[in-house]
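The values are calculated or read from the model by the stated rules, or taken from the named source; none is laboratory data. What you see is a predicted model; the values in this text were computed from it and never measured. Backbone-built Cβ (ideal geometry, glycine too); neighbour counts: all protein chains shown. The accessibility values were calculated without ligands, DNA or RNA, using every heavy atom of the protein model including side chains. Shrake-Rupley method; radii C 1.70, N 1.55, O 1.52, S 1.80 Å.
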Amino acid sequence: MTQFCNTLEQANNLTYAIERTVNVGGNVLLPVDTAGRVLELILTLEQHWTQKQLSTPIYFLSYVSSSTIDYVKSFLEWMSDSIAKSFEHTRDNAFLLRKIKLVINKSALEEAPGSKVVMASMASLEAGFSHDLFVEWAADPKNLVMFTERGQFGTLARILQSDPPPKAVKVTMSRRIPLVGEELAAYEEEQNRIKREEALKATLVKEEESKASVGAEVVTNDPMAVDTNVTHPSSNASGLHSGAFKDVLIDGFVTTSSSVAPMFPFYDNTSEWDDFGEVINPDDYVVKDDNMEQSLMHVDGDLNGKLDEGSANLILDTTPSKVESSELTVQVKCSLLYMDFEGRSDGRSIKSILAHVAPLKLVLVHGSAEATEHLKQHCLKHVCPQVYAPQLEETIDVTSDLCAYKVQLSEKLMSQVLFKKLGDYEIAWVDAEVGKTENDMFSLLPLSGPAPPHKTVLVGDLKMSDFKQFLASKGVQVEFGGGALRCGEYVTIRKVGDASQKVGGAAIQQIVLEGPLSEEYYKIREYLYSHFYSL
């Protein structure tokens, strides 16, 4: 639960802090995620920079910055109403950015000297462009690192958000270096071993495939079959080496009486089937590509799809390498500021949501002790009488004493039920008796005798203002007075009960129709019943 803060006020505080930093010649770093709340930050800064006509460059630095914005442009229907309506009326896409530059390489920042605002991934500062920029900019008192979300425990972002913030932090720096000497020899030996194993495996696979292509065993009584194990003597045997005889199928053979008509062998490759269909071999659908790893590896480049020199070298460079890490102590002299832009529900919203849900029991977890106790006392007073706030590793029992059973509706019963349309739902009154199915489950069956009479049930929700307009359209003089709706000269309609007490999300209230029995009374009652569904 976070402290309530107006969204407009948040945006003003954000832009004011950024402008104050760039006006004194400093840089602003906003560690952000790659495709989440950063979209709101992008729109906020884009709108402010456009209105103020500011010239300080803004960058969204991420490996997927360009692809993220391209996807977002086609999902405007999932945005807020203002963005969707703006596109419907003016065909102006809010994510056609004019002030914010999308870059996927840190070298692009060096082309713009002076102050700049950079939204860089990752939000945790543990890795990525934000990690590198923090190491470069932390020692300058003019710079500002602005956090728009709370860092996870144990991350560099969370350490910097502590109060008071540290004056120095240790960070891990990593770089890739080529293998040399014994490491290179060991790597090459391992690669050669892997290639030999793959070649041996491929040979075995080919042998298995060749054996499978031969098919079933040859039937001995097939007149078309040729026994390759039998050698036939030749009249010119002296000119041939031993074992060099070849099998010959002589034309004019005589079909034996026991054989069928001569034909070529036919093998029926039957397929296996299970409950979901034909059993397939997943390996048959795998696209084997030697360069698949390179195609999946992300590379840097500009928005036109052209690779820069560093990215091209990364693809073409096949030199074996390793990652070397070292610890570095960074002096934190820059300004650190946390501003809540997580988009979580604030205290007032949480209380409003819980009041509408109206739960029978409530369990509060994952919050500070002070905020949890405050919300617990509020819920005990205004939401429900059973509120639990367990501590870590504490077990609570919230089992309800309701007698709930799972039953089936028999087809014979369903064929006799008359449903009535109620909005998006269908409702009906059911008179049935409980029985058991063959699987020993409870089932509702039709009554063996006539159904007992029951009181009429009116289903619906009446709004007095709407009913007033309805009666006026029917020529009835109506007016509100004393919390009731006065209809005509003698009839009054009022709601009785506490609207704040709810059961299952509906208020416990009754509609009372008062007045002398007359033609006007029955007419208004008929109008009232027409606004409900009668069961």
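Every residue, every condition in (1) touching a strand residue (DSSP E or B) at 6+ places or on another chain (Cβ under 8 Å); (2) open to solvent by less than 60 Å² (accessible area, probe 1.4 Å), yes or no:
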| position | (1), (2) |
| --- | --- |
| Q386 | yes, no |
| L392 | no, no |
| S415 | no, no |
| E433 | yes, no |
| V491 | yes, yes |
What is the number of the single condition among (1) in contact (Cβ under 8 Å) with a residue 24 or more places away in the chain; (2) in a helix (DSSP H, G or I); (3) over 21 Å from S121 (Cβ atoms) that L14 does not meet? (3)
Every pair of residues 6+ apart whose Cβ atoms lie under 9 Å, when the first sits in segment 513-532 and is open to solvent by 70 Å² or more (accessible area, probe 1.4 Å) while the second is part of a strand (DSSP E or B) and among the small types (G, A, S): E514/A484
Looking at this structure, is G475 loosely packed, with under 10 Cβ neighbours inside 10 Å and closer than 14 Å to Y527 by Cα? yes
Of residues in segment 436-465 being farther than 16 Å from S534 by Cβ and touching a residue at least 24 places away in the same chain (Cβ under 8 Å), the one most open to solvent (accessible area, probe 1.4 Å): F442
Per the filter on segment 51-66, residues farther than 14 Å from V118 by Cβ and part of a helix (DSSP H, G or I) are Q51, K52, S66
Filter segment 417-429 down to the residues that are open to solvent by 60 Å² or more (accessible area, probe 1.4 Å) and touching a strand residue (DSSP E or B) at 6+ places or on another chain (Cβ under 7 Å), then identify the one that is farthest from A451 (Cα to Cα). E426
First in segment 410-429 and in contact (Cβ under 8 Å) with a residue 40 or more places away in the chain and within 20 Å of V457 (Cα to Cα), second anywhere and open to solvent by 100 Å² or more (accessible area, probe 1.4 Å) and of a type in the set (G, A, S), Cβ under 7 Å, 6 or more apart: none
Please indicate, with yes or no, whether at least one residue in segment 367-379 is open to solvent by less than 80 Å² (accessible area, probe 1.4 Å), outside any helix (DSSP H, G or I) and modelled with pLDDT of 90 or more. no
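Based on this model, can you work out whether A451 counts as under 36 Å from the mean Cα position of the chain (by Cα), not acidic (D, E) and not in a strand (DSSP E or B)?
Values: under 36 Å from the mean Cα position of the chain (by Cα): no; not acidic (D, E): yes; not in a strand (DSSP E or B): yes.
No: the conditions fail for A451.
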Subset of segment 392-414, residues within 21 Å of L354 (Cβ to Cβ) and at pLDDT 85 or above, comes to I396
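Please count how many residues of segment 87-141 are part of a helix (DSSP H, G or I) and in contact (Cβ under 8 Å) with a residue 40 or more places away in the chain. If you could, list the steps in order and put the result at the bottom.
Of all residues in segment 87-141, those part of a helix (DSSP H, G or I) come to 87-90, 106-111, 129-137.
Add one more test, that the residue is in contact (Cβ under 8 Å) with a residue 40 or more places away in the chain, and what stays is 106-109, 129-131, 133-135, 137.
Number satisfying all stated conditions: 11.
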